[in-house]
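Taken together, the values in this text are just the output of simple stated rules run on the coordinates, not laboratory data. Note that the coordinates shown come from a computational prediction; the quantities given were computed from them, not determined experimentally. When we count neighbours, we look across all protein chains shown, and the Cβ atoms used for this are built from the backbone with ideal geometry, even at glycine.
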Amino acid sequence: MSIDTLKSRLPDYAKDLRLNLSSLATEAALTEQQSAGAFIASAIAARNPEVIQAITAEFAPKLSAEALEAAKTSAAIMAMTNVYYRFTHLVSAPDYKTLPAKLRMNALAKPGVDKVDFELWSIAVSAVNGCGMCMDSHEKTLRSHGVTAEQIQAAVRIAATVNAVAATIACEAALAGEMKAAA
């Protein structure tokens, strides 16, 4: 399966998503590794098996084995930290903000790729998962490393589009199942 197969599965009402997938696949603001990792990490965060398979088939060949593992690691660790830090940010009791997380996050210190790339993938996943506290933290780290607003925006645009594609594919699959059950 490829990104073209995925685009062909999108209904006409989602033609903007097809166009966005095409343009973002060649996003000039990011390196090939940054873009490919953002696609893969975002697909994993969007939790749609068909999208994960198609995006990984398309973009994994553009990554080293270490970079592919780092993209998957970013999605995995952010799946945990985004829930935890979103909780501490949203709950009204202030004492949770002062308690240590007591969650292992060693991958953040040694992600296996350039820190900037890992942070770009982490902000993309955090955007999909809706953790404002994490997005703010990753954005500050990226900016401190000289990453531009346009580069950060590009990673988040990839995340937004991949997430929308996953939602649309899931919707169409559910509706097709519903129609089969009714027949």
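Where in the chain are the helices, taken as whole DSSP H runs, whose Cα atoms extend 27 angstrom or more along the long axis and whose Kyte-Doolittle mean reaches at least -1.0?
Correct list, ordered by number: 65-90, 149-182.
Near Lys72, which lysines are there with a Cα under 24 Å away, not counting those fewer than 8 places off in the same chain?
Lys7, Lys62, Lys102, Lys110, Lys115, Lys140
I need the peptides 48-56, 94-102 ranked by packing, meaning the mean over residues of other C-beta atoms within 10 angstrom, with the highest value on top.
Packing proxy ranking, top to bottom: 48-56, 94-102.
Which order, highest average first, do 38-46, 61-69 follow once you tally other Cβ atoms within 10 Å for each residue and take the mean per peptide?
38-46, 61-69
So if each residue of separation counts as 0.36 nm, and I subtract the Cα-Cα distance between Lys140 and Arg104, what length gain in nm does that give?
10.8 nm
Given a Förster distance of 22 angstrom, what is the FRET efficiency for Thr148 paired with Val83, based on the Cβ-Cβ distance and rounded to 0.05?
0.15
Please give the net charge around Ser35, taking every other residue with its beta carbon less than 9 angstrom from that of Ser35, where Lys and Arg add +1 and Asp and Glu add -1.
Value of the local net charge: -1.
As a test of the formula, what do you get for the chain when each DSSP H run with n ≥ 4 contributes -39,500 (n - 2.57) and the sum is divided by the residue count, at 222 nm and rounded to the nearest 500 deg cm²/dmol? Don't skip to the answer; put the middle values down first.
On the way: 9 runs with 135 residues, N = 183.
That calculation yields -24000 deg cm²/dmol at 222 nm.
Would you work out which of Val113, Ala127, Ala160 lies farthest towards the positive end of the dipole of the stretch 107-183, given +1 charges on the beta-carbon of Lys and Arg and -1 on that of Asp and Glu, about the Cα centre?
My answer, from the dipole projection, is Val113.
Taking the highest mean first, how do the peptides 84-93, 120-129 order by number of other beta carbon atoms within 10 angstrom per residue? Please list the in-between numbers first.
Working: 84-93: 13.3, 120-129: 28.5.
Top to bottom by mean Cβ count within 10 Å: 120-129, 84-93.
Treating only the Cβ atoms of Lys and Arg (+1) and Asp and Glu (-1) as charged, compute the dipole magnitude of the chain about its Cα centre; round to the nearest 20 debye.
So the dipole magnitude of the chain works out to roughly 420 debye.
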